[in-house]
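What follows is one structure encoded as structure tokens, with my remarks underneath.
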Amino acid sequence: MKVCVIGAGAMGCIIGALLHESGHEVTLVDVWKEHVESINREGLRLTGVGGDRIVWVEARENVDRLPIQDLVLIMVKSPYTLQAVRSALPIIGQDTMVLTLQNGLGNGDIIASVVGPQSVIVGVTSHGGTVLGPGAVRHAGAGETVIAEYSGKMSERVGKLAEALTSAGIETRAAHNVEELIWSKLLVNVGINALTAILSIRNGELSALEPGRELVAMAVSEAVEVARAKGITLEGDPLERCLTVAQSTAENISSMLQDVIARRPTEVDVINGAIVREGERLGIPTPVNRALLKMIKVIELTYARRLR
Ligand code: PAF
């Protein structure tokens, strides 16, 4: 497959590198010039899960002169989804699958509004990764990836794509219950991301420490209430799932903490913010998620003046 990954952050690089290693024609696209130049000059230095190695995958700053792709993977942070998918339009043809494995609520809707719902495949992944510097990424934890047609229908192409991802080492299952899928991952991010970012700790600390687990439970239980009120059936125990992911990505610096460390806008609006908004709509109080949202907002607004 011709695969273009828009957004060569940790997860974009990891998935792109694994697909490249399994024989697909992969291009990574990112606006971070230094990162792109480093990947092209020295290869992508991948460490962690799967062993330390150099992957000679091509990187670019834009999609100029790339042919129409079989798969376009949108992996930018949620605040940049619209911009990213618009920039990818020249390489999206009638048969191109546009897949999002981003965190948060609403990315599939944004992508569908630009390319049309028929092209969109949504998914979630429990892999964790960290950008160590230009051209260097650590694959901190592996987990299941689940993908589904945005339309919710079962399709042959989703099955085939799941097979291609699985044989590349990204264990993937095809599903059709999109909302449930997105919400069960959302609840993981609700429990882990803002807390690790505010507390400046790795994912594993949350599940290892009793007060950490209690905080996770407070945030997740509100989100479960909201999901239930929306009529979303969540498989298994969402709190347990969240703690299991925190444990399996114990060494990971969550994506929100990585954003805070790099003083970038975070995805809090589409994670805890989404719970607050949906809660308001349904008349369900979400004080814990509101507090997490506001704390992250204050952190973002004081990047230039922070004491640490
Ligand atoms: O956003 C993240 O960091 C990841 O989704 C996860 C699974 C919480 C691992 O760090």
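Can you tell me which residue within segment 236-256, out of those that are within 8 Å of the ligand (Cβ to nearest atom) and not small (Gly, Ala, Ser), is nearest to GLY104 (Cα to Cα)? Write out each step before concluding.
Here is the first cut: in segment 236-256, the residues within 8 Å of the ligand (Cβ to nearest atom) are 245-246, 249, 252-256.
Narrowing further to those that are not small (Gly, Ala, Ser): 245, 249, 252-253, 256.
On the way: VAL245: 16, THR249: 18, ASN252: 18, ILE253: 17, MET256: 12 Å.
Restricting to residues being within 8 Å of the ligand (Cβ to nearest atom) and not small (Gly, Ala, Ser), the top hit is MET256.
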* **Per-region count, segment 153-184, residues within 15 Å of the ligand (Cβ to nearest atom), touching a strand residue (DSSP E or B) at 6+ places or on another chain (Cβ under 8 Å) and more than 24 Å from VAL3 (Cα to Cα)** => 1
* Structure fact -> In segment 285-301, anything open to solvent by less than 30 Å² (accessible area, probe 1.4 Å) and over 23 Å from the mean Cα position of the chain (by Cα) is listed as THR286
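Considering only segment 134-152, state which residues are in contact (Cβ under 8 Å) with a residue 60 or more places away in the chain and farther than 16 Å from ALA168 by Cα.
Residues satisfying the conditions are PRO134, GLY135, ALA136, VAL137, ARG138, ALA140.
Among the candidates ASP52, ASP95, ASP64, ASP109, which residue alone is in the same structural domain as ILE121 (by TED's automatic domain parsing), closer than 30 Å to ALA274 by Cβ and charged (D, E, K, R)?
Working: ASP52 fails: closer than 30 Å to ALA274 by Cβ; ASP95 fails: closer than 30 Å to ALA274 by Cβ; ASP64 fails: closer than 30 Å to ALA274 by Cβ.
That would be ASP109, the only listed residue that is in the same structural domain as ILE121 (by TED's automatic domain parsing), closer than 30 Å to ALA274 by Cβ and charged (D, E, K, R).
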* **Given (1) over 20 Å from GLU163 (Cα atoms); (2) in a loop (DSSP other than H, G, I, E, B), index of the condition ASN40 fails** => (2)
* To do: Run GLU171 past the list (1) over 25 Å from TYR150 (Cα atoms); (2) among the charged types (D, E, K, R); (3) in the same structural domain as LEU19 (by TED's automatic domain parsing) and report the number of the one that doesn't hold.
  => (1)
* Only one of (1) away from the ligand (no atom under 16 Å from the Cβ); (2) open to solvent by 10 Å² or more (accessible area, probe 1.4 Å); (3) more than 20 Å from LYS294 (Cβ to Cβ) is not met by SER207, so which one is it? -> (1)
* Asked: All but one of (1) near the ligand (Cβ under 10 Å from one of its atoms); (2) in contact with an Asp or Glu (Cβ under 9 Å, 6 or more places away or on another chain) hold for VAL188; which doesn't?
  -> (2)
* To do: Go through segment 7-25 and count every residue that is open to solvent by 10 Å² or more (accessible area, probe 1.4 Å), over 15 Å from ILE170 (Cα atoms) and not charged (D, E, K, R).
  => 1
* To do: Sort out which residues of segment 33-43 are within 22 Å of the chain's Cα centre (by Cα), open to solvent by less than 100 Å² (accessible area, probe 1.4 Å) and farther than 9 Å from GLU58 by Cα, and write them in order of number.
  => HIS35
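The values are calculated or read from the model by the stated rules, or taken from the named source; none is laboratory data. It should be emphasised that the depicted structure is a prediction, and the values quoted were computed from it without experimental measurement. Because the Cβ atoms are built from the backbone with ideal geometry, glycine has one as well, and the counts that use them run over all protein chains shown. What goes into the accessible areas is simple: the full protein's heavy atoms, side chains included, and nothing from ligands, DNA or RNA. Shrake-Rupley method; radii C 1.70, N 1.55, O 1.52, S 1.80 Å.
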